[in-house]
Amino acid sequence: MQLIIVESPSKAKTIEKYLKGKYKVDASEGHIRDLPEKRLGVSINNNFEPNYVISADKKQIIKRLSEKVGKADKVFLATDPDREGEAISWHLMEVLKLQGKAQRIVFNEVSEKAILNALANPREINQNLVDSQQARRVLDRLVGYKLSPFLCKRIKEGLSAGRVQSVTLRLIVDREKEIKAFNPQEYWNVVATLKAGTPPQFKTLLVEKDGKKYKPSCKEENDAVIATLHDGQFTVKDVKKSVVKSHALPPFTTSTMQQDASNKLNMSSPMIMSVAQHLYEGIETPQGHLALVTYIRTDSVRVSTDAQSAARSFIADKFGKEYVPEKPNFYKSKSNSQDAHEAIRPIDLSVTPESVKGVLDKNHYNLYKLIYDRFLASQMAEAVYNQVKIEVENSGYTFTTSGKTVVFKGYTAVYDDYKKDDEEGTENKHLPELNNGDLLRAVKVESEQKFTKPPVRYTDASLVKAMEDKGIGRPSTYASIISVLSKRKYTTKEGKFIVPTDIAFKMTDVLIKYFPDIMDVGFTAGMEDKLDGIENGGKDWHQLIGDFYPHFADQLAKANSDGDEMTDIICEKCGAKMIRKTGRYGKYLACSNYPECSNIRSENIEESDVLCEKCGAKMIVKTGKYGKFLACPNYPKCTFVKPIDEETTTEKCEKCGGDMVVKKGKFGKYLYCTACKNTKSITEEAGTCPVCHKPTRKMTSRAGKTFYGCSSYPECTFMSWDMPTGELCPKCGKFLVYSKDGKTKRCSNKDCDFSIKNDKE
């Protein structure tokens with residue numbers, strides 16, 4: 001028996017269909033071993049050797065594969081044709097002990113021809129590809145494993161960082177900062193609708209003044225321009241006619257597929273890659289599993305000679321020989337691209353999108369059609385247009401317009417990538433025959449106030465393009481990075497636009513401060529190139545990591561010793577851990593659950609020996625509006641509080657006969673019944689009521705102002721803001737009160753000037 005091992009069960013089914021029982025095919029279901037989840041798994045002191053482990057969910061798979069390997073005469077490792085696939089094959093070789101028994105086979109498409117050709121040309125494991133994957137895995141583990149705890153300590157628990165993830169987040173945050181800092185500038189668009197001697201009328205846009213680019217910058221300036229134009233004459237300044245040829249775009253790479261599908265199909269990058277993977281591995285059809293497209297992780301635009309020949313024959317049969325270019329179209333891949341396999345294309349052009357529409361869901365059909373049409377168009381002849389550009393002048397102001405008509409559709413018969421960017425609508429499909437010097441009549445001249453717009457937020461498509469242009473990550477990682485940022489809630493979506501959250505700003509600022517290299521786009525791109533170099537047999541991967549790590553470790557040590565520090569102190573509002581911070585008045589504690597919880601407080605917590613009457617915890621001393629008090633440390637689960645010092649009294653509660661204690665409130669001290677919670681004000685006798693001659697009580701109003709009221713209230717309702725003497729004024733008959741210093745007695749009547757020295761002084 002001969003055994004073929006692939007990653008995907010779906011891919012295994014498709015291959016079995018093509019091989020018709022001549023081989024047994026099984027799947028590893030991805031990696032069978034990896035670095036451990038809960039520890040670093042890299043021996044820093046042993047040349048950064050990775051310590052791979054087999055996860056529990058893979059043990060049954062290994063057992064099943066081991067049994068089949070034992071029965072097989074020969075084993076072929078047919079994992080994906082990239083470094084990740086090469087690494088999976090290497091791990092299978094190591095774990096299943098396949099040395100001398102297994103060989104590696106690769107194919108760019110899951111078709112009978114490609115598989116049989118691969119089986120006829122087996123090879124050994126490419127160790128350079130394996131080392132490149134190991135280098136990336138170890139580097140990403142070191143950065144992520146070391147930075148994530150730092151962020152948890154510094155900002156908030158549960159945060160994560162990554163070598164590519166964090167610098168990608170910086171792109172999003174920087175763009176948002178640009179938008180917030182943007183200052184819009186006013187301008188006016190002036191559009192003249194003109195008419196020649198022959199129809200049709202057409203629109204032109206003001207672009208120049210006296211040979212220089214020009215737009216009115218305010219209403220007054222615009223009004224002056226309009227007035228000048230009304231008094232002037234529109235004259236044809238220049239007419240340029242040309243034949244324009246448009247060449248088709250190349251077939252899809254991983255990046256361009258994500259961009260185009262995002263823009264045209266409104267699919268997210270993770271969704272695009274998931275659907276594309278299904279199309280590559282095979283879809284269940286009435287005829288069995290059917291693979292539709294070639295390998296979907298590639299940055300090459302190369303197309304095989306066989307595929308080109310098939311496309312040229314198909315185009316000639318369906319559209320006519322004139323749609324076939326004289327020579328096959330050739331597209332050059334970017335200088336840093338990995339040319340291991342072809343661009344993304346349909347495996348068989350006879351399997352048209354319409355022929356499989358009934359067995360594909362909407363997303364699978366739309367993406368397959370997009371890939372199919374893009375590839376077919378890439379092999380077709382150029383589109384040809386007649387183009388006219390006209391310049392019109394009036395009083396030193398220059399207006400322009402253009403028109404374009406199709407002479408030959410070419411590739412646009414299948415895939416039209418034309419984008420209209422004329423927001424003013426001054427591109428006309430048809431223009432009259434004009435010559436230099438022709439006079440034109442203005443049908444109308446219109447203007448519209450505009451403002452310059454800030455940079456546009458990233459979409460999935462534009463972020464993928466930015467990552468590709470800047471050399472951040474690789475095609476296979478774009479979708480997963482965007483997905484991680486969303487899942488971790490570092491970004492949200494407003495429509496199709498990616499918006500960073502508050503925590504993203506804080507994370508980015510902290511990482512830039514302490515790890516400028518990691519957060520530098522150029523550094524990240526340079527590291528990608530170095531990692532690619534390992535694949536090509538360059539520097540030893542251990543050395544690359546060794547060159548990187550010492551400086552990174554120094555930065556980490558400095559960062560950990562500086563500033564904020566996570567504590568085991570629990571936030572009394574939300575239960576999260578508190579972070580020790582340094583402010584302008586010294587150290588303080590802030591909740592790590594910011595921005596959800598913004599609690600801050602002094603670090604010094606004083607414990608008491610008093611136990612909480614509700615939960616039994618040792619109560620802590622806190623300071624409130626009215627001084628110190630005791631509070632339960634288990635807040636908000638337990639909200640019990642009590643005064644720090646309760647004064648006891650001999651007084652009994654008038655309602656239940658319970659003991660009364662002294663408490664302090666907003667209006668001063670008061671009596672509180674420990675049994676029934678009845679309250680009673682505490683008053684001090686001072687002065688004499690002039691009405692009933694009983695003592696008056698010194699009390700405090702709700703506003704905190706002192707007053708004197710009769711002790712026999714409510715029988716006697718006498719009240720005074722000053723202490724009464726109990727005597728009446730001999731001059732006017734009103735009651736006398738003591739002065740503030742107590743040295744004199746004076747009349748309470750403001751219109752009476754009677755006063756006398758206090759004999760008691």
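Any read-out appearing in this document is the output of simple, stated calculations on the displayed coordinates, not a laboratory observation. Everything quoted here is computed from the prediction, not taken from an experiment. Virtual Cβ from ideal backbone geometry, glycine too; neighbours counted across all protein chains shown.
Odds and ends about this structure:
- In straight-distance terms, cross-link reach from Lys743 covers every one of the lysines whose alpha-carbon lies under 25 Å from its own, apart from those fewer than eight places away in the same chain; here that gives Lys694, Lys698, Lys705, Lys731, Lys734, Lys757, Lys760.
- Between the range 478-533 and the range 677-738, the alpha-carbon center distance in angstrom: 73
- Cα gyration tensor category, rounded, prolate or oblate, for the range 684-757 with a/c compared to 1.5: prolate
- Partner aspartates and glutamates for Lys493 [C-alpha distance under 20 Å; skip if fewer than 8 residues away on the same chain]: Asp174, Glu176, Glu178, Asp260, Asp460, Asp502, Glu596
- Listed by chain and number, the aspartates and glutamates whose alpha-carbon sits under 13 Å from that of Lys362, ignoring those within fewer than 8 places in the same chain, are Glu354.
- Three-way shape call for the range 458-570 based on the alpha-carbon gyration tensor, with the a/c threshold at 1.5: oblate
- Degrees separating the helix 460-470 axis from the principal Cα axis of the chain, which is the longest one: 70
- Helical mean residue ellipticity (222 nm; -39500 (n - 2.57) per DSSP H run of 4+; nearest 500) of the chain: -10000 deg cm²/dmol
- Isotropic mean projected area of the C-alpha convex hull, the chain (nm²): 58.9
- Neighbour-limited loop hits for trypsin sites (Lys or Arg not before Pro), the range 290-390 (at most 11 other Cβ within 10 Å; DSSP other than H, G, I, E, B): Lys332
- The peptide list 175-181, 392-398, put in order of mean Cβ contacts within 10 Å with the highest first, becomes 392-398, 175-181.
- Subset of Lys11/Lys146; Lys318/Lys496; Lys332/Lys487; Lys245/Lys334 violating a 31 Å alpha-carbon distance limit: Lys11/Lys146; Lys318/Lys496; Lys332/Lys487
- Note on the chain: dipole from Cβ charges, positive end direction compared against Met699, Asn108, Gly320; the farthest Cα belongs to Met699.
- Calculated from the alpha-carbon coordinates, the range 269-378 shows an Rg and a Dmax of 14.5, 43 Å respectively.
- The stretch between Ile600 and Cys692 holds 27.6 nm of extra length on full extension. This uses 0.36 nm per residue minus the Cα-Cα distance.
- Each peptide among 143-154, 208-219 gets the average number of other Cβ atoms lying within 10 Å of its residues, and from highest to lowest they stand as 143-154, 208-219.
- Note on the range 215-337: dipole from Cβ charges, positive end direction compared against His247, Met267, Thr294; the farthest Cα belongs to His247.
- With a threshold of 27 Å on the Cα-Cα distance, the over-threshold entries among Lys264/Lys470; Lys180/Lys470; Lys63/Lys489; Lys177/Lys530 are Lys63/Lys489; Lys177/Lys530.
- Here the chain is treated with +1 on each Lys and Arg Cβ and -1 on each Asp and Glu Cβ, and its dipole about the Cα centre works out to around 2180 debye.
- Computed from phi, the 3J(HN,Hα) profile of the range 220-231 under the Karplus parametrisation 6.51, -1.76, 1.60 (θ = phi - 60°) reads 4, 5, 5, 4, 5, 4, 4, 4, 5, 5, 5, 7 Hz, with x in place of Gly and Pro.
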